[in-house]
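These notes are about the structure you will find just below.
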Amino acid sequence: MFLTLRQAAEVFVGNSAYEIFVITSTATILSTLANLEGDETFEASMLGQAEEVVQERICDDELILIKNTKARTSASVILRGANDFMCDEMERSMHDALCVVKRVLESKSVVPGGGAVEAALSIYLENYATSMGSREQLAIAEFARSLLVIPNTLAVNAAQDSTDLVAKLRAFHNEAQVNPERKNLKWIGLDLINGKPRDNKQAGVFEPTIVKVKSLKFATEAAITILRIDDLIKLHPESKDDKHGGYEDAVHSGDLDD
């Protein structure tokens, strides 16, 4: 019947596939044609629109291609490789790249990468901690010191001298916060290939702002939770000294010998 009417029909479409069809063509998913009165109805507005829907064979897979949808544009990325392992790795890399783009679009802003944000916050919090005359100064100073774990780890993973690199990075950001004429140094991050600090804004090394904000929120909440602990209960291990002894002690001491 569908061939006679020059219509294409797909026997089975997976969940992820028909969701993509709906998004690209603005079609409406119908589980049944029956309405509340029991009659079968169908409206033309439920149909999606595309210039061409074809089925093509690519390698060993039969694919349905929807071309030139009128509602919105979409694209598919076909990855080719020597074997399945290479294709899987390419798929993961592509997925990570697309997720970064998605995060940037959601955040609508970026910050310099390479440990620049953590170093700047560490310097700011250390200076802020010295202005406090209460015991909170210790907690803020430790939190500021913990932020340096990120640039330290980046340097270590790149087989660079983390102590020297982080010290230079801190010096740049301290100068940026103390000297108003050198505010451009706030973009300084780590160049892990050459093993030196650089202007990551000019180098094009950025991170989505939303990722940094969320990680800092989680770290702050964890620190606050720990600081709210006002009591400590120590459970001493049970003493192994048994005055009465046991069966094994009696055997070794010879008390059970006739």
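Details
- Sparsely packed loop sites in region 37-124 (the trypsin sites (Lys or Arg not before Pro) outside DSSP H, G, I, E and B with at most 11 other Cβ atoms within 10 Å) comprise Arg72, Arg80, Lys108.
- Neighbour net charge for Lys168 - beta-carbon separation under 14 angstrom, K R +1, D E -1: -2
- Legend: distances between Cα atoms for Lys168/Lys217; Lys186/Lys212; Lys108/Lys217; Lys108/Lys212; pairs beyond 23 Å are Lys168/Lys217.
- All Cα-Cα distances of region 125-230, cut into 5 Å bins from zero to the largest, leave 2, 11, 16, 20, 22, 16, 8, 4, 1, 0 percent in each bin in turn.
- The separation of region 183-235 from region 35-56, counted between C-alpha centres, amounts to 51 Å.
- Extension gain, Leu138 back to Leu36 (0.36 nm per residue minus Cα-Cα distance, nm): 30.0 nm
- The calculated FRET efficiency for the pair Gln49 and Val213, based on their C-beta separation and a Förster distance of 41 Å, comes to about 0.55.
- Per-peptide packing, taken as the mean over residues of other Cβ atoms within 10 Å, places 144-152, 183-191, 213-221 in the sequence 183-191, 144-152, 213-221 from highest down.
A short reminder: the numbers here are calculations on the coordinates, not readings from a lab. Everything numeric here is computed off the predicted structure, so don't read it as measured data. Glycine gets a Cβ as well: all are built from the backbone with ideal geometry, and neighbour counts include every protein chain shown.
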